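Laboratory data are not the source of any read-out in this text; all were calculated from the coordinates shown. What you see is a predicted model; the values in this text were computed from it and never measured. Note: ideal-geometry Cβ built from the backbone for every residue, glycine included; neighbour counts use all protein chains shown.
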Amino acid sequence: MNTIDQFSFLDKKAIIRVDFNVPLNNGEVTDNSRIVAASPTIKKIISDGGSCILISHLGRPKGIDQNLSMGNILKEVEDVLGSEIILSKDVVGPDAKSKSKNLKPGEILLLENLRFHNEETEGDIAFAEELSKLADCYINDAFGTAHRAHASTTVIAQFFEHKFFGKLLEKEVLSIDKVMKSGEKPVLAILGGAKISTKIPIVENIMDVVDDIIIGGGMSFTFVKALGGSIGNSIHEDEMMNTALDILQAAKNKNVKIHLPVDVVCSTEFSNDGKQNIFDIDKIPDKFEGMDAGPRSLEIFKEVILNSKTILWNGPVGVFEFSNYSNGTKSVGDAVVTSTKNGAFSLVGGGDSVAAVKKFDLQNSVSYVSTGGGAMLESLEGKKLPGISALEN
Ligand code: AMP
């Protein structure tokens with residue numbers, strides 16, 4: 001892996017693909033964590049005596065849209081980095097060309113929103129080449145878009161002799177490898193979320209590296225129904241029942257233990273307000289639907305989590321958005337934190353489990369929380385991400 005620590009950027013202009021696609025509310029940045037996450041890479045280049053040209057998309061503009069101009073986030077970037085930033089009014093136009101040409105060591109230039117050009121998402125070669133001419137070397141630090149073969153994330157790399165993983169991208173890749181390639185045993189995957197269909201490629205891929213899989217949340221009901229249980233009104237996918245049985249058989253063949261919930265907190269409606277009751281997972285009455293892992297399930301999950309040395313967590317084990325059904329996901333999070341304190345490596349990644357650890361304020365108590373939703377899921381599915389391959393070729 002070509003990391004930026006192996007290179008001196010003295011007098012070099014580095015074009016850095018960052019992920020500054022931050023949430024905005026009335027032109028104000030409401031969560032700056034992506035900017036914070038990119039700052040170690042930027043600071044390394046500046047402290048070497050180099051200069052930075054930052055490139056990113058912001059939102060999904062259709063053509064030029066001043067509401068999604070990088071000018072909206074300039075102040076926040078300056079505050080996070082603690083230095084003045086030069087803003088270019090265009091991406092590959094005259095302003096970008098002259099400002100990058102005149103850029104001095106120690107200076108940072110932020111180009112306008114890449115997606116003001118359709119060529120960005122189209123992966124246009126000529127556009128990527130124009131961008132590449134602005135700098136001497138290329139760094140990708142945008143894990144969140146590494147699964148896209150866009151001009152700035154993938155295509156551009158071919159125009160550089162010197163191309164590198166930024167510090168954030170490096171951390172993401174190492175964390176995934178720590179689970180998928182070199183996880184200390186026992187390795188556990190906790191999978192939850194609404195639907196089994198979206199998780200199948202992950203289950204199939206991780207089966208070869210894990211010792212245990214906890215299957216919780218909405219996706220567990222397809223397994224329970226396939227095994228002959230009564231699941232009431234619980235979410236499930238009839239067309240996936242055979243797949244669920246295949247997974248159970250494959251796990252048996254590979255000596256992987258699958259832990260399904262044994263009881264479940266149910267409600268008469270999909271809201272915080274329905275009548276609540278706890279049932280065995282395979283004996284849910286018709287009028288009820290499963291909303292959260294029950295107490296006996298949580299005891300079983302906790303024991304498995306505390307016995308594991310490597311933990312991957314993707315997906316909540318209940319409808320954690322409703323306060324009455326957040327206990328299961330919070331308990332799983334607490335157990336992951338305890339296991340981490342005891343020396344386990346824990347990676348939380350992919351959409352809603354990240355939202356859950358943030359909601360319960362556990363993000364600093366696990367080993368790593370991935371910044372990339374889709375990119376993380378594709379990595380767990382075993383796919384090689386185009387943005388990463390481009391740095392290796
Ligand atoms: P996913 O994006 O597939 O990881 O799904 C995350 C969503 O699954 C969250 O919004 C949860 O509310 C939802 N979820 C978890 N458990 C259940 C359940 N028992 N019934 C319905 N939805 C659930």
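A few comments on the model shown:
- Restraint check, LYS44/LYS171; LYS254/LYS341; LYS13/LYS163, Cα-Cα greater than 18 Å: LYS254/LYS341
- Alpha carbon centroid spacing (whole Å) that separates the stretch 103-142 from the stretch 195-236: 42
- Counted without the sites themselves, the longest stretch of the chain free of trypsin sites (Lys or Arg not before Pro) in a DSSP loop having at most 15 other beta carbon atoms within 10 Å is 288-382.
- Average silhouette area of the stretch 94-159, convex hull of alpha-carbon atoms, in square nanometres: 4.6
- The label-point distance for SER389 and ASP334, in a model that sets each label 7 Å from Cα toward Cβ, rounds to 4.5 nm.
- When only alpha carbons are used to place a centre, the stretch 241-277 and the stretch 1-69 end up 41 Å from one another.
- Average projected area [Cα convex hull, the chain], square nanometres: 19.9
- Projected label distance in nm at GLU381 and SER98, using a 7 Å step from Cα toward the beta-carbon: 4.6
- Exposed loop sites here are GluC sites (Glu not before Pro) assigned a DSSP state other than H, G, I, E or B and surrounded by at most 11 other beta carbons within 10 Å; excluding them, the longest clear run of the chain is 162-393.
- Theoretical ellipticity at 222 nm over the chain - DSSP helices of four or more residues, -39500 (n - 2.57) apiece, nearest 500: -10000 deg cm²/dmol
- For the stretch 270-393, a crude dipole built from +1 on the beta carbon of Lys and Arg and -1 on the beta carbon of Asp and Glu, taken about the Cα centre, is about 280 debye to the nearest 20.
- Extension reserve of the GLU303-ASN25 stretch, reckoned as 0.36 nm per residue once the Cα distance is removed: 95.8 nm
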